[in-house]
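Please read the structure below before turning to the comments.
The values are calculated or read from the model by the stated rules, or taken from the named source; none is laboratory data. Only a predicted model underlies this, so the values are computations on that prediction, with no experimental measurement involved. Glycine gets a Cβ as well: all are built from the backbone with ideal geometry, and neighbour counts include every protein chain shown. Side chains are part of the model used for accessible areas, which takes the heavy atoms of the whole protein and leaves out ligands, DNA and RNA. Shrake-Rupley method; radii C 1.70, N 1.55, O 1.52, S 1.80 Å.
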Amino acid sequence: MLEVRDMHVYYGGSHVLQGVSLHVGRNEIVCLLGRNGAGKTTTLRGIMGYNPPAAGLVAFCGETISGRPVYENVRRGIGYVPEERRIFADLSVEDNIEVAFRAPRPDLAPWTRERLFDTFPQLARLRRHKGGAISGGEQQILAIARCLAGNPRILLLDEPCEGLAPVIVESLASIIVDLKREIPVLMTEQNARFAFAVSDRGYVIDKGRVRYDGPIKDLSANEEIQSRYLAV
Ligand code: ATP
């Protein structure tokens, strides 16, 4: 569904991604793991078009999208939840979702207000609270719900666990696993335990290159890779 082939991204003169390749199939949760500064966020931003690749290919649903602007990639169905979540603090939970609705896809079950509140009952209870007045974990769930309101075909999540308490991380894990039936997910994580619990496959990135990829079971058993590239 999503394919990245030999993607190179620069920030000015700094060659940050040096040939990243990965793919995400339908009904898959794929994680991109690595330490601070490894290039995880840049990989997602390269796919979205915020940092257009200087070389390489990004294809989505069979179409080449590298070099296309962000708004087109969103329209095509790539949903992106950035690390900082960007919740509207002064809007209610309900209105945060309301402003994000986009036309459903003819071939996919539409995300409606009712379906989102059924899927995320914790948000239904908070629907009239201001976005800025709910907890970090609730904001993360709201950010995911708001992204789904755009009726995307895939979700890109940047470090969804960042700053969340362990008990919240557990409930987020079950939310993401449940979503797998509906939509594929590519997420970045530093929290390897969380990534191991929810993903089907994993990529380990370091200094802008993929150093390992494989089924999550193999990665979670590979202590050498973990100690070399992850802060486990
Ligand atoms: P983190 O967990 O810290 O977000 P990451 O794996 O997502 O780490 P990136 O944010 O992709 O890493 O950063 C990769 C490299 O690019 C780092 O060396 C970082 O310092 C550099 N970098 C990131 N953003 C910029 C920028 N706007 N300008 C210049 N260099 C940048």
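Here are some notes:
- Condition met for Glu3 (without any contact (Cβ under 8 Å) to a residue 12 or more places away in the chain and either part of a strand (DSSP E or B) or open to solvent by 70 Å² or more (accessible area, probe 1.4 Å) (or both)): no
- Scan of region 7-52 for residues that are within 7 Å of the ligand (Cβ to nearest atom), of a type in the set (Ser, Thr, Tyr), within 21 Å of Pro160 (Cβ to Cβ) and open to solvent by 30 Å² or more (accessible area, probe 1.4 Å), ordered by number: Thr41
- Selection from region 170-215 of residues that are closer than 30 Å to Arg115 by Cα and among the β-branched types (Val, Ile, Thr): Ile175, Ile176, Val177, Ile183, Val185, Thr188, Val198
- Test: residue in region 123-131 that is within 16 Å of the ligand (Cβ to nearest atom) and in contact (Cβ under 8 Å) with a residue 12 or more places away in the chain: no
- Selection within region 82-121 - under 18 Å from the mean Cα position of the chain (by Cα) and loosely packed, with under 13 Cβ neighbours inside 10 Å: Glu84
- Tally, over region 193-232, of residues that are surrounded by fewer than 19 Cβ atoms within 10 Å (Cβ to Cβ) and within 16 Å of the chain's Cα centre (by Cα): 2
- A count restricted to region 190-212 and to residues that are charged (D, E, K, R), in contact with a strand residue (DSSP E or B) (Cβ under 9 Å, 6 or more places away or on another chain) and under 20 Å from Val177 (Cα atoms) stands at 2.
- Lone unmet requirement of (1) among the basic types (Lys, Arg); (2) on the phi > 0 side of the Ramachandran plot; (3) open to solvent by 60 Å² or more (accessible area, probe 1.4 Å) for Arg125: (2)
- Given (1) open to solvent by 10 Å² or more (accessible area, probe 1.4 Å); (2) within 30 Å of Tyr71 (Cβ to Cβ), number of the condition Leu156 does not satisfy: (1)
- Qualifying positions in region 53-81 - outside any helix (DSSP H, G or I), hydrophobic (A, V, I, L, M, F, W, C) and open to solvent by 40 Å² or more (accessible area, probe 1.4 Å): Ala54, Ala55, Leu57, Cys61
- Pair list, Cβ < 8 Å and 6+ apart or interchain, from region 75-87 residues that are farther than 20 Å from Gly25 by Cβ and of a type in the set (Asp, Glu) to residues that are part of a strand (DSSP E or B) and at pLDDT 95 or above: Glu83/Asp158
- Candidates are the residues of region 136-153 that are of a type outside the set (A, V, I, L, M) and under 12 Å from Asn96 (Cβ atoms); the one that is least open to solvent (accessible area, probe 1.4 Å) is Cys147.
- Number of the exception - Thr41 against (1) polar (S, T, N, Q); (2) in a loop (DSSP other than H, G, I, E, B); (3) touching a strand residue (DSSP E or B) at 6+ places or on another chain (Cβ under 9 Å): (2)
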